[in-house]
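Peer 1: Have a look at this one.
The values are calculated or read from the model by the stated rules, or taken from the named source; none is laboratory data. These numbers were taken from a predicted model, which means no experiment stands behind them. Heads up, the Cβs are rebuilt from the backbone with ideal geometry, glycines too, and the neighbour counts pull from every protein chain shown.
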Amino acid sequence: MPNRVIAVDGPAASGKSTVARKLAAQLNYRYVDSGALYRVIAWKTLENSRDTAQPAEVLETLRTMRVEFFEAEGAVRYRVDGYEPRAEIRTERVSGAVSSVAAIPEVRAAVTQWLRDMVRFGNLVMEGRDIGTVVFPGADQKFYLDASPEERARRRHAELKPTGEAADVGRVMSSLQTRDQKDSGRSTAPLCIAADAQVVDTTGLTIDQVVAVIAQRAGG
Ligand code: DC
């Protein structure tokens, strides 16, 4: 039987990362954070002192970086040129650069292929923006998580606090909105809801409540 894929899509700070990670652990599936791959390309471009707003410079980075995938702690993870970046890809600098990187069609094609190849690791819970629409249109289950802009800003603000990068909630909200607009407005694979996705509004729900709703619908 081919490996199963559960797609968890939604905008930034909709709660999908934590939910997808917990769901994967509960079902004993591998967790995949697809956004991390776009972040890694943005981070590596900046590391190389290249301009992430110039597609040619991003694509040169993509051509010269060596990416390997491995499984650890229930997730599919990766090394770039032998190094696994973690906190480095979550900075506001990378967050500010990643939307233009993710809008480049050749970048999307490369990441989409990496993601499709991950089925070799087993059953997957994959979170992102276009998993149910583009990467795995035939996914066994598709969920689209959303939350109000205020709730999403509060969550992202809380996430940024430990990194010492927390701006005020209003600024976090406007940076999220800018990113949403870029992600929804790009011509290749814009953020949209798959026709057959189940939409879950997570506003006012705890992570565990959302996981319970999805696990039940996913048959776990
Ligand atoms: O989920 P995140 O914030 O880590 O995503 C980082 C960026 O990558 C964000 O600008 C949206 C983009 N992305 C995408 O275009 N497609 C995906 N499947 C996942 C993320």
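Peer 1: With 101, 119 as the choices, which residue is crowded, with 16+ Cβ neighbours inside 10 Å, among the hydrophobic types (A, V, I, L, M, F, W, C) and more than 13 Å from the ligand (Cβ to nearest atom)?
Peer 2: 119
Here is a yes/no grid of residues against (1) aliphatic (A, V, I, L, M); (2) in contact with a helix residue (DSSP H, G or I) (Cβ under 6 Å, 6 or more places away or on another chain); (3) modelled with pLDDT of 95 or more:
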residue	(1), (2), (3)
48	no, yes, yes
58	yes, yes, yes
82	no, no, yes
90	no, no, no
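Peer 1: If you scan segment 1-35, which residues turn out to be part of a strand (DSSP E or B), more than 10 Å from the ligand (Cβ to nearest atom) and not aliphatic (A, V, I, L, M)?
Peer 2: Hits for segment 1-35 are 30, 31.
Peer 1: Out of all the residues in segment 134-144, is one or more exposed (fewer than 13 other Cβ atoms within 10 Å of the Cβ), out of contact with any His (no Cβ under 9 Å at 6 or more places or on another chain), farther than 23 Å from residue 206 by Cα and of a type in the set (D, E, K, R)?
Peer 2: Within segment 134-144 (the criterion being exposed (fewer than 13 other Cβ atoms within 10 Å of the Cβ), out of contact with any His (no Cβ under 9 Å at 6 or more places or on another chain), farther than 23 Å from residue 206 by Cα and of a type in the set (D, E, K, R)), the answer is no, since none of the residues qualifies.
Peer 1: For a quick check of your reading of the model, give me the residue pairs whose first member lies in segment 35-63 and is under 17 Å from residue 78 (Cβ atoms), whose second is among the basic types (Lys, Arg) and within 16 Å of the ligand (Cβ to nearest atom), with beta-carbon atoms closer than 7 Å and at least 6 apart or on different chains.
Peer 2: 61/44
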